[in-house]
1. Give the shape of the range 103-157 as rounded, prolate or oblate, defined through the alpha-carbon gyration tensor: a ≥ b ≥ c are the square roots of its eigenvalues, a/c under 1.5 means rounded, and otherwise the shape is prolate if a/b is larger than b/c and oblate if not.
2. What does the C-alpha gyration tensor say about the overall shape of the range 5-162? Classify as rounded when a/c is under 1.5, otherwise prolate if a/b is larger than b/c, or oblate.
3. Ranked by Cβ crowding within 10 angstrom, fewest neighbours first, how are 24, 32, 82 ordered?
4. What FRET efficiency comes out for residue 133 versus residue 11 if R0 is 22 angstrom and r is the Cβ-Cβ distance? Round to the nearest 0.05.
5. Select from the range 93-166 those chymotrypsin sites (Phe, Trp or Tyr not before Pro) which occupy a DSSP coil region and have at most 13 other Cβ atoms within 10 Å, ordered by residue number.
6. Once a ≥ b ≥ c are taken as the square roots of the eigenvalues of the Cα gyration tensor of the range 72-177, is the result rounded (a/c under 1.5), prolate (a/b larger than b/c) or oblate (a/b not larger than b/c)?
Amino acid sequence: MAILPMSEFERFMIMFDRLFEFVETYIHKTPEDKYEWIPVEGPGVSFGDRLENITIKGLYVHLTTSEDGFINSLLEIQDGGEIPIPINKKLTNKVYDGDFIALGRELHENAMEKLRNISPERLSKTVYFQGGEYSVMGFLWALYAHYAYHLGNIDTYMRQGNMNPTAFFNFPTSEMA
């Protein structure tokens, strides 16, 4: 297979979309009665300080609604601006209480469409988030890492619940960056 030259942003777009699809595959493999299952309850169960529902469903809703907030911020923020924490209770409740898988996919597809129109100049702008300095491109990779981190959480829950998660390096070769 020949690897064609592509920009970092083009590589990100392919990899981020594949990662979303991989997370969604895990959600589809989760039995409905396990969406809100908690293997171990207690104060030691924490996958971040802003998550209220530490469940497979809650993690998916968190990922997709955070993605929406982060992408909207990145498209609007001025050079040197601070990215706000993407808390949108109304959207979170809508996704959580609705067809969360379909609504999560819709949020992701909308975010990908918005990103397709981002300019190289915007990608190079400097932004700040929780004390860290990023280029917009660098923050997109941080968003990718956020998905990967919570995919690991979902994978752990699935393993603890004998739900047979997918092997991680199972991406279709033809669609890799």
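1. Since a/c reaches 1.5 but b/c is at least a/b, the shape of the range 103-157 is classed as oblate.
2. Judged from the Cα gyration tensor, the range 5-162 comes out prolate (a/c at least 1.5, a/b above b/c).
3. Sorted ascending by nearby Cβ count, the order is 32, 82, 24.
4. 0.50
5. none
6. Judged from the Cα gyration tensor, the range 72-177 comes out prolate (a/c at least 1.5, a/b above b/c).
Every number in this text was worked out from the coordinates using simple rules, so none of it is lab data. None of the values given here were measured: they were computed from a predicted structure. Every residue, glycine among them, receives a Cβ derived from its backbone with ideal geometry; neighbour counts consider all protein chains shown.
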